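J.: I am attaching a structure below and will ask some questions about it afterwards.
The values are calculated or read from the model by the stated rules, or taken from the named source; none is laboratory data. Model, not experiment: these values are computed from the prediction. As a convention, Cβ positions derive from the backbone with ideal geometry for all residues, glycine included, and neighbour counts pool all protein chains shown.
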Amino acid sequence: MRQVPLLISAFDWNRLNLREDIKFILSVQEAPGVYRITDVELRYDADEYQDFLSTETWHKLNDAVESMSLDTMFIVTSERLFWRGIISIKVACFDENYQKRLVYDVIRWINDVFLPE
């Protein structure tokens, strides 16, 4: 697997990953002028992962995202949308534990560990 730089724009993530077997497309929204991430959106082919998606994996994802982000990232997508290939995450960017690096660490974990090959 190719080494992805620590901080990479969503544009570059999508462009680099389209050259290989893409697991998901990424959209990251920053607050204008403050450069803090407020929202993360992932879209993936739910049909490709249909054997993997379950209530158990949904809860594992929620717990892991909150824990890995030091309680600064929260999945706001319903389980129904998770089954349809949509994950929306809100980021508490003014929390004292917020770090942009943690946001990208969570995204990388979803790609490298959570979603199967």
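J.: Out of the residues in the range 29-67 meeting the condition of being of a type in the set (Gly, Ala, Ser) and part of a loop (DSSP other than H, G, I, E, B), tell me which one is nearest to residue 100 (Cα to Cα). Explain how you work it out, then say what you get.
T.: Taking the range 29-67 and keeping what is of a type in the set (Gly, Ala, Ser), we get 31, 33, 46, 54, 64, 67.
Now restrict to residues that are part of a loop (DSSP other than H, G, I, E, B): 31, 33, 46, 54.
Values: 31: 12, 33: 15, 46: 28, 54: 29 Å.
This residue is 31.
J.: Here's something else I'd like to know. Kindly establish whether residue 96 is under 14 Å from the mean Cα position of the chain (by Cα) and at pLDDT 95 or above. Can you show your working first?
T.: On the way: under 14 Å from the mean Cα position of the chain (by Cα): no; at pLDDT 95 or above: yes.
No: the conditions fail for residue 96.
J.: State yes or no: is residue 103 out of contact with any Leu (no Cβ under 8 Å at 6 or more places or on another chain), β-branched (Val, Ile, Thr) and part of a loop (DSSP other than H, G, I, E, B)?
T.: In short, no.
J.: Could you figure out which of (1) in contact with a Cys (Cβ under 9 Å, 6 or more places away or on another chain); (2) surrounded by fewer than 18 Cβ atoms within 10 Å (Cβ to Cβ) isn't true of residue 88?
T.: The single condition residue 88 does not satisfy is (1).
J.: A further question on this structure: Among the numbered conditions (1) at pLDDT below 95; (2) within 12 Å of the chain's Cα centre (by Cα), tell me where residue 35 comes up short.
T.: Of the numbered conditions (1) at pLDDT below 95; (2) within 12 Å of the chain's Cα centre (by Cα), the odd one out for residue 35 is (2).
J.: So, residue 100, is that one surrounded by 15 or more Cβ atoms within 10 Å (Cβ to Cβ), out of contact with any Phe, Trp or Tyr (no Cβ under 7 Å at 6 or more places or on another chain) and among the basic types (Lys, Arg) or not?
T.: Numbers: surrounded by 15 or more Cβ atoms within 10 Å (Cβ to Cβ): yes; out of contact with any Phe, Trp or Tyr (no Cβ under 7 Å at 6 or more places or on another chain): yes; among the basic types (Lys, Arg): yes.
Judged against the criteria, residue 100 is a match.
J.: Moving to a separate point now. Given the residues 72, 77, which is the only one that is buried (at least 16 other Cβ atoms within 10 Å of the Cβ) and in contact with a Cys (Cβ under 9 Å, 6 or more places away or on another chain)?
T.: On the way: 77 fails: in contact with a Cys (Cβ under 9 Å, 6 or more places away or on another chain).
It is 72.
J.: Here's something else I'd like to know. Residues of the range 5-19 being within 21 Å of residue 87 (Cα to Cα) and either modelled with pLDDT under 70 or acidic (Asp, Glu) (or both), which ones? So that I can check it myself, show each step before the final result.
T.: Initially, the range 5-19 is screened for residues within 21 Å of residue 87 (Cα to Cα), giving 7-18.
The answer is 7, 8, 12, 13, 14, 15, 16, 17, 18.
J.: Give just the number: which of (1) surrounded by 17 or more Cβ atoms within 10 Å (Cβ to Cβ); (2) farther than 15 Å from residue 26 by Cα does residue 66 not satisfy?
T.: Evaluating residue 66 over (1) surrounded by 17 or more Cβ atoms within 10 Å (Cβ to Cβ); (2) farther than 15 Å from residue 26 by Cα leaves (1) as the failure.
J.: Looking at residue 90 and the list (1) among the basic types (Lys, Arg); (2) assigned to a strand (DSSP E or B); (3) modelled with pLDDT under 90, which single condition is not satisfied?
T.: Only one criterion is unmet by residue 90, namely (3).
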